[in-house]
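These notes are about the structure you will find just below.
Where a number appears in this text, it was derived from the coordinates with a stated rule and is not lab data. Quick caveat: nothing in here was measured; it's all calculated off a predicted structure. FYI the Cβ positions are ideal-geometry reconstructions off the backbone, even for glycines, and counts take in every protein chain you see.
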Amino acid sequence: MRLRDITVRARVLQAVRDARITDIHTHLFSSNFESLTLRGIDDLLTYHYLVAETVRWGVTTPEGFWKRSKREQADLVWKTLFIDHSPVSEAAKGVLTVLNRFGLDTSSRNLDSYREFFDGLSAQEHTDRVFELAAVDNLVMTYDPFNEVERKTWQQHPKLDARFKPALRLDAMLNEWESTEDYMRFWGYDVNDYVDIKTCREVRRFLEEWIDCMDPVYIASSLPSDFAFPDASARSRLISECVLPIAEERGLPVAFMIGVKRRVNTALKSAGDSAAISDLASVERLCQLYPSNKFLITMLARENQHGLCVLSRKFSNLMVFGCWWFLNTPSMIEEITHMRLDLLGFSMIPQHSDSRVLDHLIYKWEHSREVIGEVLAQHYEKLAATGWTVSDEDIRRDVADLFGGNFWSLAGRQAQ
Ligand code: FIX
Ligand code: ZN
């Protein structure tokens, strides 16, 4: 078959299927952090997305759910979402995609046979197979220096699996300074509850030490929907006096994930977080006031997506990324990717996976590739309709930028 006989659509879909991925935000740990690693069917079923969907059927209370062992929780999720109802939600379908890609028989609905399969995989074998099935080259994990287990592991100078790139996660410091400063004092940093000059100096020392230890590809924090910048809060001062100067000095992008409302239902724990509209003017001020800093921004509310695209047009130091959390569904990815391509062309990062369980890489990337591929195909078809030559070389260049190149350019590093 000659090249011109193959439709533009088919060539674009193939390029997206073949694309190698850099996944710029996940919660996956390299094997050095073994006790924190989540993998296999019981971890898949007890993912907080599925916990929320299960409890809302009224089959148990949140407290009743958490009282069960992990295996019992998984049994309940399986029964409620997969046996008593059809598993059509994105998170539920994801489990089936994973089972199917591992060659397991989803029609058997036999949970114990799935358990048996995953129990037979060593951590190394499991990791290698997932990376291969997802066609992910490398991923970014957000390591939290305020988590005791993570902290202790880092202090042993672990040699990370090269596919796992660290990002330095600062949620505790930026969102709960009142409790964080106690820890920092305990660790030998001379900080106060009021973020004064001495405290800023000590926080900068803390950040520099962690950057030296981790060699992160960026610094990150999620931020609540009422995030305002600048304001009189400890957070604002920590951002402007500590995080941004150090990030600039070290050439590190700063990723802000904005719009979460933590624990609107506290009993649901990690499944109890929600989303709300945030103030874009604060993002605008960050980009205006700190032109030498590079910002990776994602927002959780659907309502913020258009404004964020418009803002990205104004600031080359702002890279919009991902369809985060409740936006990581086919319908939202389709809408948002169309909007971004219309307003920004290829200068954006369409997706990250936010995987918590190793196996998530498989379904999250397969589902995202499918939608993004279709959206891209429509855009290239319109180009072709004008007489523009859409070469395979151009398609593959653009796709490589979206799924990794744009991130590595922003990070100022070679894709590894
Ligand atoms: O703050 C974050 O990084 C969020 O992605 C998580 O806290 C959230 O629980 C999640 O897993 C969303 O996908
Ligand atoms: Zn996340």
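Numerical summary
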read-out	value
Test: residue in the stretch 1-16 that is farther than 19 Å from TYR380 by Cα and in contact with a Ser or Thr (Cβ under 9 Å, 6 or more places away or on another chain)	no
Total residues in the stretch 334-380, condition assigned to a loop (DSSP other than H, G, I, E, B) and either within 15 Å of ligand 1 (Cβ to nearest atom) or on the phi > 0 side of the Ramachandran plot (or both)	10
Cross-chain or 6+ apart pairs with Cβ under 6 Å, the stretch 219-244 first and within 16 Å of ALA281 (Cβ to Cβ), then hydrophobic (A, V, I, L, M, F, W, C) and part of a loop (DSSP other than H, G, I, E, B)	SER225/ALA276; SER236/PHE229
Contacts under 6 angstrom Cβ, first residue in the stretch 189-203 being within 15 Å of ILE239 (Cα to Cα), partner among the hydroxyl-bearing types (Ser, Thr, Tyr) and surrounded by 12 or more Cβ atoms within 10 Å (Cβ to Cβ), 6 or more apart	GLU202/TYR189
Filter result (within 30 Å of ALA415 (Cα to Cα), more than 16 Å from ligand 1 (Cβ to nearest atom) and of a type outside the set (Val, Ile, Thr)) within the stretch 165-215	ARG204, ARG205, PHE206, LEU207, GLU208, GLU209, TRP210, ASP212, CYS213, MET214, ASP215
Residues being in contact with a Lys or Arg (Cβ under 9 Å, 6 or more places away or on another chain) and surrounded by fewer than 16 Cβ atoms within 10 Å (Cβ to Cβ) - total across the stretch 12-31	2
Checking SER331 against (1) touching a residue at least 24 places away in the same chain (Cβ under 8 Å); (2) assigned to a helix (DSSP H, G or I); (3) surrounded by fewer than 22 Cβ atoms within 10 Å (Cβ to Cβ); (4) not charged (D, E, K, R), the condition it does not meet	(1)
Extreme residue, surrounded by the fewest Cβ atoms within 10 Å (Cβ to Cβ), among residues of the stretch 258-315 that are over 16 Å from ILE349 (Cβ atoms) and hydroxyl-bearing (Ser, Thr, Tyr)	THR266
Residue pairs meeting the criteria (Cβ under 6 Å; at least 6 apart or on separate chains; first touching a residue at least 60 places away in the same chain (Cβ under 8 Å) and closer than 17 Å to LEU121 by Cβ, in the stretch 32-53; second within 16 Å of ligand 1 (Cβ to nearest atom) and in a helix (DSSP H, G or I))	LEU44/VAL95
Enumeration of residues in the stretch 28-59 that are more than 16 Å from ligand 1 (Cβ to nearest atom) and not in a helix (DSSP H, G or I)	SER30, GLY40, ARG56, TRP57, GLY58, VAL59
Among (1) part of a loop (DSSP other than H, G, I, E, B); (2) more than 16 Å from ligand 2 (Cβ to nearest atom); (3) crowded, with 21+ Cβ neighbours inside 10 Å; (4) in contact (Cβ under 8 Å) with a residue 40 or more places away in the chain - the single one LEU160 does not satisfy	(3)
Selected residue [exposed (fewer than 14 other Cβ atoms within 10 Å of the Cβ) and of a type in the set (A, V, I, L, M)] from ALA385, ALA377, ALA415	ALA385
Total residues in the stretch 245-267, condition free of Cβ contacts under 8 Å to residues at least 24 places away in the same chain, away from ligand 1 (no atom under 14 Å from the Cβ) and of a type in the set (D, E, K, R)	1
Tabulated pairs, the stretch 309-326, first outside any helix (DSSP H, G or I), second away from ligand 1 (no atom under 16 Å from the Cβ) and of a type in the set (Gly, Ala, Ser), C-beta under 7 angstrom, 6+ apart or interchain	LEU318/SER312; VAL320/SER312
Those residues of the stretch 278-307 which are of a type outside the set (A, V, I, L, M) and in a strand (DSSP E or B), in sequence order	PHE295, THR298
Pairs where the first residue, in the stretch 7-27, is closer than 30 Å to LEU168 by Cβ and more than 16 Å from ligand 1 (Cβ to nearest atom) and the second is of a type in the set (Asp, Glu) and outside any loop (DSSP other than H, G, I, E, B), C-beta under 7 Å, 6+ apart	ARG20/ASP137; ILE21/ASP137; THR22/ASP137
